[in-house]
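Below you'll find the structure, written out as structure tokens, and then a few comments.
The values are calculated or read from the model by the stated rules, or taken from the named source; none is laboratory data. Since we're looking at a predicted model, the values are computed, not measured. Counting neighbours? That spans all protein chains shown, and the Cβs are built from the backbone with ideal geometry, glycine included. Heads up: the accessible areas ignore ligands, DNA and RNA and are worked out on the full protein's heavy atoms, side chains in. Shrake-Rupley method; radii C 1.70, N 1.55, O 1.52, S 1.80 Å.
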Amino acid sequence: MNVDVLIIGAGLAGLSCAKTIADYGIDFLLLEASEDAGGRIRTDHVDGFLLDRGFQVFSTAYPEARRLLEYQALELQHFFPGAAIRCLGKWHRMPDPFRHPIQSIQALFTPIGTLSDKIRVATFRYRAGTETLNDLFQRPETSTLQHLKNFGFSSSMIERFFRPFLGGVFLDPELQTSSRMAEFALRMFASGDISLPAWGMGAIPRQLVSRLPAERIRTQARVASIQKTSVTLESGEALSARAVVVATDGPAAMRLVPGLTSSAYRRVTCLYYGAPEPPYSGPHLLLNGEGVGPINNLCVLTQIAPTYSTTKKQLISVSVLNHSDPSKEDLAIGVRQQLGEWFGSQVEDWQPIRAYHITSAQPVQVPPFPNPLSRQTHVQDGVFVCGDFCATGTIDGALFSGRRAAEDIRKWLEA
């Protein structure tokens, strides 16, 4: 035996598993195929900007993150509680009615849904926060779209707010995601601050890495195959352990563990621009409530976290969901055209920085969606799995799944 536990994949699930295993005093080795830890939560430094690999946000209400992370060290920068929505050729603010009651009264007269819809939002928000998470994930379920209709929201409210908002959260413009996940997401948004770490989303995995022994992490160590509790790297090196944890995304896990199933993954394209001036002032998420054009949501990241740019320019993130595979050039042209319609001639001065085309961005989470708090991690004798596809397709789901796998390993080793 080389170690007690081999962990394959140094994304958030693998890091959470390694941290918990280390706390138990169990010997482990963490193997990462790429040059650095973090998985899909990575931040690149490009031309004086911090570019997250896809637009991502962090909720301070995530229960597993509260358990595992030091928020103060992340220097979290918060969004405005609510959103700005493009509708009928103008931007309209829709604040959280509980945190900004006065602004919410003003928002009653915007064309985003009816007056009844806006009152119903408060009820919907409150319902998502009742009962325990375990109870929430056992509620009767349907699709998010049907759930909104059953709750009585008008088509205007669904199309102009919920579709771009929840569609952006789940990368699911059709809103087929489980209503349980919709209620979970609303609960996280309502009970915490939506934030960005000052130095990029990659600060989250970096914090976890800093708490692990450096000699217990090997990068550029891609695993070719698993045979029971032995692992063969692409280099030909063989390693063995008492237990193996597969902490990759779903497709990679299915390749390594025959018979394992995983949902498909949703894709997203994120385009970054540098601009002389912010096109919209304030720490807002901007949503496309008009239902036309490629853009789903936009964010001037430097209005939330000025540290995302060391230049005098503003950093703008644009997200496109489920595009039909046009050429990258055609997509960029369509996005810039829509930006010009929204913000006018200033867009001509925006400098394209980089585009990320992410094909495995988030697992599909449609009904039937099993309770993520009670899923099994032990899939074969001595082989365990964890990752967001094993829990909720969120940062918190990955962290929780990793800890859960570590707890199950400890029990198995001690049996």
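Annotations for the structure displayed:
- As a calculated quantity, the FRET efficiency between His78 and Ala238 at R0 = 51 Å, using C-beta atoms, amounts to about 0.60.
- Looking at segment 157-218, the trypsin sites (Lys or Arg not before Pro) that sit in a DSSP loop and have at most 14 other Cβ atoms within 10 Å of their own Cβ are Arg211.
- Translational D in µm²/s for segment 1-156 (Stokes-Einstein at 10 °C, 1.306 mPa s, Kirkwood Rh from C-alpha pairs): 79
- Across all Cα atoms of segment 310-415, the radius of gyration (one decimal) and Dmax (whole number) stand at 21.3, 68 Å.
- All C-alpha pair distances within segment 229-311, sorted into 10 Å bins from zero, spread as 12, 27, 16, 19, 20, 5 percent across the bins.
- On segment 189-293, 53 percent of the accessible area sits on carbon and sulfur atoms, based on a 1.4 Å probe.
- Of the GluC sites (Glu not before Pro) in segment 40-125, those whose Cβ has at most 11 other Cβ within 10 Å and which sit in DSSP loop: Glu70
- Diffusion coefficient (Stokes-Einstein, Kirkwood radius over C-alpha pairs, 20 °C, 1.002 mPa s) for the chain: 96 µm²/s, rounded to a whole number.
- Dividing the convex hull volume of the alpha-carbon atoms in segment 32-71 by its residue count gives 112 Å³ per residue.
- When Arg404, Arg354 are compared by accessible area of protein heavy atoms, the largest-first order is Arg354, Arg404, using a 1.4 Å probe.
- Look at the Cα gyration tensor of segment 248-363: its axes a ≥ b ≥ c give a/c of at least 1.5 with a/b over b/c, and that counts as prolate.
- Selected from Ile316, Gln227, Gly89, residue furthest toward positive end of dipole (the chain; charges at beta carbon): Gly89
- Top positive-direction residue, dipole computed over segment 2-92 with Cβ charges, set Gly25, Phe55, Leu69: Phe55
- For the chain, built as a Gaussian network whose Cα springs stay under 10 Å, the top-fluctuating residue of Gln72, Gln56, Gln103: Gln72
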